[in-house]
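Contents: one structure, followed by commentary.
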Amino acid sequence: MHFTVAADTLLSEEYVFGSFREAHRVLLTAQGSIIVADAGEHSISLFTSPRQKPKTVGGYGWGATSFDMPTGIATDGITLYVSDYHNHRIQRFDRNLTYLSTFFTRDTNVVAARFGYPSGVALSRLGDLFVLDSENARVLKFNRSLLFERSFGGIETERGKLKNPSKMIVTTDDRVFVLDADRLLEFDYFGNYVRSIGDGVLRNARGFDANKGGIVVVSDSAIVWFQQDGRFVRSHSISEILASVLLAPLQDVAFSGDTLYLLTPRKVVVLKVITRP
């Protein structure tokens, strides 16, 4: 989906699925599955089909298959990574949600590699792991062997300094996006600040998705569209959308082609994007 026609876009509900307590993040996989992090139930649900019962792992705790508020999810199609906020760790599972390992650096001797309260996690196409470190308001980059390489978004840069980061994505063309308060920051693969997107437009942004088709950001009551280069396209108030369930407050969004997956605290609402000529 390339947002080349900005004038008249309609959103039509296709279907609704899921049953969550306090859903926080939604992710589409390359295989077409949908993964939802439910912070209220401290669980991760994998939907191979929206019309089938999901496979779920989790529950409150600090064991291998439990969480204390999962906040971010990322996958390369083979391995799933989950940022476990209050347990200060990244949990790793296979594609069937079988536990594999835990990544925890809070007590490492390498001070620069320490992270706490991870609010997001992302994987690059090269297998590098990016962790959104809320405790220190920065991004940490580890290579595929989980060796620390660098951090960015901290005090080393003024324009790209993070304040309250909440979600992160690394795109297939190696761009790093971080949602930070009322703006979306873009960095290159090496952590260099590129630009700020949505200044003066975004309010109370909660989630976003970005790919070659463009960028979509959701707040509690609106959907905001940007071109891939960060240019504003338009904003949709959720009051304009006819839906069979309550949309507010929106928590997150994912998109593929002309299909939007809106995450509310209790449901995933699938919308078809129709652009009229």
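Yes or no: VAL26 buried (at least 19 other Cβ atoms within 10 Å of the Cβ), over 22 Å from ALA113 (Cβ atoms) and not charged (D, E, K, R)? Even if it seems obvious, please write down each step before you answer.
Values: buried (at least 19 other Cβ atoms within 10 Å of the Cβ): yes; over 22 Å from ALA113 (Cβ atoms): yes; not charged (D, E, K, R): yes.
Yes, satisfied.
If I ask for residues that are over 12 Å from SER43 (Cα atoms) and surrounded by 19 or more Cβ atoms within 10 Å (Cβ to Cβ), which ones from segment 58-84 would you list?
Those that are over 12 Å from SER43 (Cα atoms) and surrounded by 19 or more Cβ atoms within 10 Å (Cβ to Cβ): ALA74, THR75, LEU80, TYR81.
Could you identify the single residue in VAL131, VAL139 that is of a type outside the set (Lys, Arg) and in contact with a Pro (Cβ under 6 Å, 6 or more places away or on another chain)?
None of the other options fit; the residue is VAL131.
Got a number for residues in segment 229-247 being free of Cβ contacts under 8 Å to residues at least 60 places away in the same chain and surrounded by 14 or more Cβ atoms within 10 Å (Cβ to Cβ)?
So the count comes out to 5.
Coordinate-derived values only; no laboratory data. This one's a predicted model, so the numbers in the text were calculated from it and none came from an experiment. Ideal geometry is used to build each Cβ from the backbone, glycine not excepted, and the neighbour counts take in all protein chains shown.
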